[in-house]
1. With everything on Cα atoms, drop me the angle between helix A:105-117 and the longest principal axis of chain A, reported from 0 to 90° to the nearest 10.
2. Where does each of B:65, B:16, B:200 land when they are ranked from fewest to most other beta-carbon atoms within 10 angstrom?
3. Using only atoms on other chains, find how many Cβ atoms lie within 10 Å of each Cβ of peptide B:217-224 and report the average.
4. What fraction of the DSSP beta bridges in chain B is antiparallel, stated in percent and rounded to the nearest 5?
5. What is segment A:264-319 by shape, rounded, prolate or oblate, if you read a ≥ b ≥ c off the alpha carbon gyration tensor as root eigenvalues and call it rounded for a/c under 1.5, prolate for a/b larger than b/c, and oblate otherwise?
6. Taking chain A as a Gaussian network, where each spring joins two C-alpha atoms under 10 Å apart, which residue of A:61, A:172, A:238 fluctuates the most?
7. Please arrange B:4, A:285 by counting, for each residue, the other beta carbons lying within 10 Å of its beta carbon, fewest first.
8. Expressed as an acute angle from 0 to 90° and rounded to the nearest 10, what is the orientation of the C-alpha long axis of helix A:75-94 relative to the principal long axis of chain A?
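Please treat every number below as a calculation from the coordinates, not as lab data. Quantities reported herein were computed from a predicted structural model and do not represent experimental measurements. Glycine gets a Cβ as well: all are built from the backbone with ideal geometry, and neighbour counts include every protein chain shown.
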Ligand SMILES: Nc1ncnc2c1ncn2[C@@H]1O[C@H](COP(=O)(O)OP(=O)(O)O)[C@@H](O)[C@H]1O
Ligand SMILES: [Mg+2]
């Protein structure tokens with residue numbers, strides 16, 4: 001074949017004759033004995049179909065039933081708490097030390113009201129919450145742009161990566177002595193420790209997000225005239241958002257761990273401090289209360305994060 | 001002529017870094033408002049060729065010109081419709097269609113007018129605020145076509161746009177595309193691996209063979225539209241092209257037993 005020449009296949013000599021042939025063929029097809037056996041259906045308006053669809057699904061159960069059903073889904077958690085309570089209360093008859101080793105959930109509740117009346121409970125909660133949010137906020141503010149920039153430019157990534165990967169394996173707790181020397185004991189030092197812990201998940205997830213962009217979407221953006229800045233804002237950033245949220249959620253989780261560790265070593269207040277202080281006083285109910293509160297706070301923050309993600313990314317299927 | 005592809009070769013690099021000749025000395029010209037199809041087996045370099053025309057990649061050798069000017073980057077005069085639609089999942093139907101208009105800095109009221117026009121043209125009224133995830137494949141491809149048409153390109157580059165649709169939807173979309181093309185004439189460069197589709201739609205068809213990808217033949221389809229796929233002449237043409245392509249791609253051995261093998265195949 002000699003490249004792009006004219007066709008070696010001559011088109012049929014007459015388009016007109018072809019048309020006539022088609023008509024003949026079509027006529028024959030109508031006469032062919034094909035029989036439809038379906039019954040004639042009465043035409044139905046679209047609204048009628050909508051009403052039909054509504055009538056086919058059972059009515060939603062009343063609100064109280066739904067609330068009950070939702071609580072029933074937590075049966076494992078409820079069972080866990082109840083069994084804990086029973087083991088603790090009846091176990092104390094056998095082994096009195098269980099009172100300290102495994103205080104019952106009811107004791108945790110009375111410890112909470114105890115600390116609440118003394119007015120210290122909310123101080124501890126707010127101090128810890130404030131530190132975590134500040135640190136994770138800072139990790140997001142610095143980590144997301146850094147991760148996205150690394151995903152956007154390979155040259156930047158190659159430059160930054162070795163430094164980042166060198167610092168990353170160092171446990172945040174190993175920074176405590178130095179950070180105390182730098183910042184003294186107090187909020188700044190603890191926030192710094194939490195920041196270090198939350199920073200890397202945020203960076204790495206943002207980086208993964210920016211690199212995960214569908215190349216066809218980049219091509220679509222380019223062919224529709226997006227300049228680099230627009231391409232970043234309208235394609236790369238939205239594509240990376242789910243990963244960014246994941247990074248923030250992981251960062252929050254790790255942030256809580258670092259918080260307690262940081263507050264155990266050196267802090268004037270906070271839930272970690274509360275736990276450590278209770279240890280020296282043998283108040284295991286306070287210890288358990290501190291643990292439960294951290295768990296609950298983590299759960300609530302994660303829930304809020306997911307709600308925020310749904311608000312920000314209505315197009316994205318829930319996480 | 002409007003599009004001029006002259007002696008274009010393209011070398012890709014495999015994961016291992018070995019060079020691979022994806023296109024070799026490709027030559028063709030496309031006239032203004034022509035419907036030009038490129039068919040060929042998968043892997044023969046159709047997408048590569050379209051990427052060069054779109055300006056996503058540069059040729060290793062040769063030149064691609066539009067209106068006499070060498071293609072160096074993507075541009076609004078060449079809009080692309082992708083096989084997998086490539087709609088922005090975070091934008092609604094309207095926002096997707098408006099995307100190019102905003103990048104083009106078209107005034108806001110004009111944007112709204114154009115978006116309405118193209119939503120009507122592709123028959124998506126009522127679905128304006130849906131996200132792509134909430135649409136069927138055919139509807140997604142219609143959004144993608146509207147998005148491409150909205151920037152008023154003189155050339156529409158389409159890469160197997162209907163390949164992932166079911167047969168009924170595909171035939172419907174082919175008819176719709178022809179209607180749109182006849183109502184708002186444009187140069188269409190249409191990549192497909194379906195010879196039937198190419199014969200139904202095109203003024204001319206470039207047939208590519210693989211390894212290295214090159215244009216083996218350019219044929220003219222002279223039937224009037226609409227073309228009936230059951231028209232015996234059309235059926236015969238399709239059979240001939242398929243046979244010819246099989247000869248080119250898999251050698252001539254399998255051609256012996258097929259009908260009409262040698263009548264028109266002398267090339
Ligand atoms: N970005 C790429 N890197 C390396 N090889 C590629 C790349 N794109 C395509 N190829 C190779 O080039 C050849 C042509 O590919 P493509 O243009 O996608 O073919 P088609 O669209 O006709 O199926 C194939 O062998 C494919 O593996
Ligand atoms: Mg392809």
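1. It works out to around 70 degrees.
2. Sorted ascending by nearby Cβ count, the order is B:16, B:65, B:200.
3. Mean number of neighbouring Cβ atoms from other chains: 6.
4. Percent antiparallel among DSSP bridges in chain B is about 50.
5. It comes out prolate by the Cα gyration axes.
6. A:61
7. Arranged by neighbour count, lowest to highest, B:4, A:285 become B:4, A:285.
8. Here the helix axis deviates by roughly 20 degrees.
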